[in-house]
Amino acid sequence: MGDDRERPRPVPASRQSAEVAAFLEKLDTLPVRARPASVKGRLMFAMDATASREPSWDRACCIQGEMFEAASGLGGIEIQLVYYRGYAECKASRWFTTAAELQNAMRAVSCVAGETQIERVLRHAIASARAERLDALVFVGDAMEENPDVLVQLAGELALLNVPAFLFHEGNDPVVARTFREIARLSRGAYAPFDSASAAELKVLLGAVAAYAAGGRKALVDYGQKAGGGALLLVHQIGSS
């Protein structure tokens, strides 16, 4: 991983839209999280920061504010940035409460060639959920070079802790897609693909997850209604092939 010579092919638009619709439909079936309005939702935002991810990292820097925007009025949200790069580096930030803080942290990170460390991300999420409340895990990546059996086992542990994992997959590697889908299924989260041409779609999805983390299923539907247009269609549409 991290070799720019082999870029993932774009996800076909028809399949992508169906997958995205299915993703949002899955969110709409998740249980409502009851929480006092004064308590912020807590979302872990994890990203692959190996070399091939640099263009996507820059795009995510630009659109991450949608997560805070979607959670405003729902008690707000706290987001922790987690990323891995190189061959042994996996870091977690402090908890941020504003888009500017998260954006500054992301802009300070440079992507470095290396191997995936999704297992470390999942273990960190599990440890965090055991120590204090964690409402959701978001992971954005394009590759998986680890033992899938270990990853799906950890996904099951997240489910026991009531932490759904939402995986955003850039590219269309079938092995990666299969593993990401299984992590999402076992953690009771959801999966969606995206590509370099679908930054706006990713923005909608990140906002949807943040709304869910902050206020549950009802907040997700309200988010779609406020966003209008394509966002409203995606939230309510039933995915079809």
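The values are calculated or read from the model by the stated rules, or taken from the named source; none is laboratory data. Quantities reported herein were computed from a predicted structural model and do not represent experimental measurements. All Cβ positions, even for glycine, are placed from backbone atoms using ideal geometry, and neighbour counts span all protein chains on display.
A71 versus (1) farther than 18 Å from M47 by Cβ; (2) surrounded by fewer than 18 Cβ atoms within 10 Å (Cβ to Cβ); (3) under 16 Å from the mean Cα position of the chain (by Cα): which is the lone unmet condition?
Result: A71 fails condition (2) only.
Yes/no matrix, rows are residues, columns are (1) modelled with pLDDT of 85 or more; (2) surrounded by fewer than 22 Cβ atoms within 10 Å (Cβ to Cβ); (3) closer than 25 Å to D48 by Cβ; (4) among the basic types (K, R):
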position	(1), (2), (3), (4)
P164	yes, no, yes, no
R178	yes, yes, yes, yes
E182	yes, yes, yes, no
A199	no, yes, yes, no
G216	no, yes, no, no
L220	no, no, no, no
H236	no, yes, no, no
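Every residue in region 44-93 that is assigned to a loop (DSSP other than H, G, I, E, B) and in contact (Cβ under 8 Å) with a residue 60 or more places away in the chain, please. First the steps, then the outcome.
Applying the first criterion (assigned to a loop (DSSP other than H, G, I, E, B)) to region 44-93 yields 49-50, 64, 72-76, 86-88.
Scanning region 44-93 gives A49, T50, Q64, L74, G75, G76.
Can you list residue pairs whose Cβ atoms sit under 8 Å apart, with the first residue in region 206-225 being touching a residue at least 60 places away in the same chain (Cβ under 8 Å) and the second being assigned to a helix (DSSP H, G or I) and among the aromatic types (F, W, Y)? Count only pairs 6 or more apart in sequence or on different chains.
Every condition considered, the pairs that remain are G207/Y223; A208/Y223; A210/F68; A211/Y223; A219/Y212; L220/Y212.
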